[in-house]
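Before any comments, here is the structure.
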Amino acid sequence: MSYTVSHFEIRAHDQKAMEKFYTEVMGFIVSDRGLLTAGPAAGRELIFLSHSPEEHHQIVLIPSDVTDQGGGIGHVAFRVDSLDEVRRVYDKVRGLPFTKPEPVSHGNTWSVYFRDPENNRIEVFTQTPWHTTQPCRFDVNYDQDDAALKATTKADASKLAGFTATEDWQDEFNRRFEDAPAE
């Protein structure tokens, strides 16, 4: 059995700012809108956003009167297909005053963590060709060209426990999964 992340509900104090951020910076489209008809937030709008026609929504912004920012999620992670896409997001967010970008690698990913307008933490990442035992985290410099970034990432990751090629780690994972007792 495998699980695929479907969507995240994000409590938003300023839905207009949040919608603008997720559409203009993160590239989502508004897939739907609707008013809540019951409960304490009845009459207030939900905003549904998606990147995929396969998913009605991947994020739903729900109105919140909570005054604490970063309302209750650790972070939302989005996988992208390439290092160039990570760099594009990093370039978009590093000029915004509220985002506090953190360009890092986990050995098995190139990631950028940053904040949305209400201080929710977001990760955009792509896979590296390596695996390291988790957790691990080290800074990377996305201003380097691909060859330099890959070389420095590999040099840092190769010093860490469990360093191996991703394919080797996946083969071992599949062996363990196949050997697991049936429920």
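The values are calculated or read from the model by the stated rules, or taken from the named source; none is laboratory data. No experiment lies behind these values; they were computed from the predicted model shown. As a convention, Cβ positions derive from the backbone with ideal geometry for all residues, glycine included, and neighbour counts pool all protein chains shown.
Yes or no: K20 more than 15 Å from the chain's Cα centre (by Cα) and within 28 Å of D143 (Cβ to Cβ)?
Working: more than 15 Å from the chain's Cα centre (by Cα): yes; within 28 Å of D143 (Cβ to Cβ): yes.
So K20 passes the test.
Tell me which residues, restricted to the stretch 20-41, are of a type in the set (D, E) and either buried (at least 18 other Cβ atoms within 10 Å of the Cβ) or in a loop (DSSP other than H, G, I, E, B) (or both).
Those that are of a type in the set (D, E) and either buried (at least 18 other Cβ atoms within 10 Å of the Cβ) or in a loop (DSSP other than H, G, I, E, B) (or both): none in the stretch 20-41.
Looking at the stretch 132-180 only, could you name the residues that are touching a Gly at 6+ places or on another chain (Cβ under 6 Å) and touching a residue at least 40 places away in the same chain (Cβ under 8 Å)?
A157, L160
Would you say A155 is over 26 Å from M26 (Cα atoms), out of contact with any strand residue (DSSP E or B) (no Cβ under 6 Å at 6 or more places or on another chain), part of a helix (DSSP H, G or I) and hydrophobic (A, V, I, L, M, F, W, C)?
So A155 passes the test.
Inspect all residues belonging to the stretch 125-144 and state whether any of them is in contact with a strand residue (DSSP E or B) (Cβ under 7 Å, 6 or more places away or on another chain) and among the basic types (K, R).
Yes, some residue in the stretch 125-144 is in contact with a strand residue (DSSP E or B) (Cβ under 7 Å, 6 or more places away or on another chain) and among the basic types (K, R).
Which one of these is touching a His at 6+ places or on another chain (Cβ under 9 Å) and surrounded by fewer than 19 Cβ atoms within 10 Å (Cβ to Cβ): H7, H57, H75?
H7
Here is a yes/no grid of residues against (1) of a type in the set (G, A, S); (2) touching a residue at least 12 places away in the same chain (Cβ under 8 Å); (3) surrounded by fewer than 19 Cβ atoms within 10 Å (Cβ to Cβ):
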position: D14; (1), (2), (3): no, yes, yes
position: G43; (1), (2), (3): yes, no, yes
position: L96; (1), (2), (3): no, yes, yes
position: T128; (1), (2), (3): no, yes, no
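Give F177, F163, F138, F114 a once-over and let me know the one that is modelled with pLDDT under 90 and not assigned by TED's automatic domain parsing to the domain that holds I59.
F177
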